[in-house]
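The block underneath contains the structure these notes are about, expressed in structure tokens.
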Amino acid sequence: MILKRFFQRPPQPERTVYEAIVAAARHPVFYAEWGVGDTLDGRFDMITLHAFLVLDRLKGVEQDFRQNLVDELFRDMDRSLREMGVGDLSVGKKVRKMAEVFYGRIAAYDKALQAGEGELDAAIARNVYPDGPGGDGAAKLARYAMLQRRHLAAQDTAALAAGAAEFEEPTP
């Protein structure tokens, strides 16, 4: 046990930020109250939305960190698929499909933000609620995303790139 401390590497900043993204994405209010599917796809959508917010915050700066964060996300997706029992031959195909979905969502959210806040509602409704939100879940999630965007904008860029990402709690 003592030797483990000597040989263990400190966590990389992108891993720390990715863990904050996953923790924020797992908040129960998204699934229990806002209608996000508590499925593999629903959880991936929430991780993607939170990752987008961090990547958007660091756009134009910290390019290496942004790439390392995306790499960390897909390393974790690969690891998760293997833990779920997906065969080695299928993992690459599934990760490639996840990458297509991820980059498609990133582009949709980026375009929506440039077009205006109402467009983010529509982009979230299309991507997170493919069968329809069945309520005002998309609007709540879009408001939450805008709140997080402002919250991340107030955080120091160097601190974010050093691994100190903080997310606000969603309010039901």
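Coordinate-derived values only; no laboratory data. Owing to the predicted nature of the structure, the values given are computational and were not obtained by experimental measurement. Neighbour counts run over all protein chains shown; Cβ positions are idealised from the backbone, glycine included.
So what's the back-of-envelope 222 nm ellipticity for the chain, counting only DSSP H runs of four-plus at -39500 (n - 2.57) apiece and dividing by all residues, rounded to 500?
-23500 deg cm²/dmol
How high is the relative contact order of the range 12-161, given as a whole-number percent (alpha carbon pairs under 8 Å, six or more residues apart)?
34
Rounded, prolate or oblate for the range 121-164? Axes are the square roots of the Cα gyration tensor eigenvalues, ordered a ≥ b ≥ c, and the cut-off for rounded is a/c under 1.5.
prolate
To check my understanding: the extent here is largest minus smallest coordinate of the Cα atoms along each principal axis. What are those three numbers for the range 12-161, in Å, largest first?
On the principal axes, the range 12-161 reaches 42, 39, 26 Å in Cα extent.
Under DSSP H, which helices of the chain have Cα atoms covering 15 Å or more of the helix axis and a Kyte-Doolittle average no less than -1.0?
13-25, 40-57, 88-115, 117-128, 137-153
Using the 10 angstrom Cβ neighbour count as an exposure proxy, how do Ser80, Ser90 rank, fewest first?
Ser90, Ser80
What number of lysine-lysine pairs in the chain show an alpha-carbon separation below 25 angstrom, given a sequence spacing of 8 or more or placement on distinct chains?
Summing the qualifying lysine pairs gives 5.
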